[in-house]
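Notes to accompany the following structure.
Rule-based calculations on the coordinates, nothing more; no lab input. Only a predicted model underlies this, so the values are computations on that prediction, with no experimental measurement involved. For neighbour counting, all protein chains shown are included, and Cβ atoms are generated from backbone atoms with ideal geometry for every residue, glycine included.
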Amino acid sequence: MMKAFANKALNRACLYLILCLTLFACSETEQNKLDNIESTEKQHSLTLIVHPYDNPSRLVARFSPLTHYLGKQLNQPVELVIARSYVDQIQRITSGQADLAYMGPTPFLRAQDHYLHQADSKLIPLAAEVQQGAASYRSVIVVREDSTIMNLVGLKNRTFAFGAPHSFSSHYVPRVMIGNSGIAFNDLRDYAFLGRHERVPLAVLHGDFDAGGINEAVATQYREREPGLRIIATSPPLPPHLIVARPDLHDHYIDVLRRALIHPPAGSTDFIDAMQALGDSILFMNPEMSSFERARRVIEAVESNPAELAQW
């Protein structure tokens, strides 16, 4: 009987040992998976891609302190990439050729709605840009200070400068502002897409175009330049720019990046330098995605009508 009892005890001990080893192996396997993921990510620098809305040298100066700060928080280099075009930025972040992106409403929504069709494979919003306390910005339509154009109706039979075709504040919103005033595209004498935002106010100031649509912050930079710019219309508040991550970036990086952007270390001089380089009173906050439904409606209003022609 003692022998039977000893055998049972031995069997229980063996089962307990096997269970412990199994649990340890599973735990080690999960840790190895995490280590492998992090090791794979760390084989190269993470990349932050920015759309070319301004002069490349100014974009480098503006965003390099941010990549430096994020790299220190991640303990891993973050490389800044200036996209060749808005479409180039969309294609790189949706295909995994970039890890992070600074995106305006139009590129972000086009990526989500036209490139990433799976609900569980969308760009991950990390933080929304806050300008002077507001998580929004505005688009304006400007003319030269000495122009006889006083309002949007005065744009009829005049020339108009837009920024990039994919720019929300320098194309889509001005298009809707003009349309809401009763002016159709064919009511304009002519129009052109100039690309970078800065080209619009410069073209208006030089007299190449009668009016133009741009981000209010860009207009402010050029209002005092001779002969001066005058704003004739201002949009409602628009959804903010976002810092987003590619769909499959590991959760560890998502958590660190969100915390670094929204809840930075107290007194971090790197964070202060990064925000000052981005612009006056720039910060980041948790993104409120409901505001992007208005942006989606604006884009649909511009793009939804097919170019039909019954007979050629």
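Give me Thr148, Thr234 sorted ascending by neighbouring Cβ count inside 10 Å, so fewest comes first.
Values: Thr148 9, Thr234 13.
With the sparsest Cβ surroundings first, the list reads Thr148, Thr234.
Compute the signed sum of charges (Lys and Arg +1, Asp and Glu -1) over the other residues within less than 9 Å, Cβ to Cβ, of Leu202.
Values: positive: Arg199, Arg225; negative: Glu198, Asp208.
Every neighbour counted, the sum reads 0.
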Item to check | Table column - 3J(HN,Hα) (Hz), segment 119-130, Karplus curve with 6.51, -1.76, 1.60, x for Gly and Pro | outcome: 4, 9, 9, 10, 4, 9, x, 9, 7, 10, 6, 10
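What is the fewest-to-most order of Val244, Val256, Val81, Val153 by other Cβ atoms lying within 10 Å of their Cβ? List each step's numbers first, then the result.
Details: Val244 25, Val256 16, Val81 19, Val153 13.
Ascending Cβ contact count within 10 Å gives the list Val153, Val256, Val81, Val244.
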Checklist entry - Amide H to amide H, which residues 5 or more places from Phe284 or on other chains are under 5 Å from it, using H placed in the peptide plane? => result Val130
Checklist entry - When a footprinting reagent is the concern and you count Cβ atoms within 10 Å, what order do Tyr191, Tyr137 take, fewest first? => result Tyr191, Tyr137
Next on the checklist: With the alpha-carbon atoms as the only input, what is the per residue convex hull volume for segment 89-162 in Å³?
Outcome noted: 167 Å³
Checklist entry - Roughly how many debye, to the nearest 20, is the charge dipole of segment 139-236 about its Cα centre, given +1 on each Lys and Arg Cβ, -1 on each Asp and Glu Cβ, and no other charges? => result 160 debye
Next on the checklist: Using the Cα centre of segment 139-236 as origin and beta-carbon charges of +1 (Lys, Arg) and -1 (Asp, Glu), tell me which of Ile231, Ala211, Gly179 is placed farthest towards the positive end of the dipole.
Outcome noted: Gly179
Item to check | Label of the coordinate-derived value, P(r) over Cα pairs in 20 Å bins from 0, in percent, listed as (i) 28, 46, 16, 7, 3, 0; (ii) 32, 56, 11, 0; (iii) 19, 31, 23, 16, 8, 2, 0 | outcome: (i)
Checklist outcome for this item: segment 192-242 and segment 57-86 have their Cα centres apart by a whole-number Å value of 26 Å
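Please give me the summed charge of the neighbours of Asp54: other residues whose Cβ is under 12 Å from its Cβ, Lys and Arg +1, Asp and Glu -1.
Details: positive: Arg58, Arg62, Arg196, Arg199; negative: Glu198.
Taking every other residue near Asp54 into account, the sum is +3.
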Checklist entry - Using the reciprocal of the averaged 1/r over all distinct C-alpha pairs, how large is the Kirkwood radius of segment 139-236 in Å? => result 12.7 Å
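Please tell me the relative contact order of the chain in percent, rounded to the nearest whole number, where contacts are Cα pairs under 8 Å and at least six residues apart.
Numbers: 511 pairs, mean separation 76.3, N = 312.
Relative CO of the chain lands at 24 percent.
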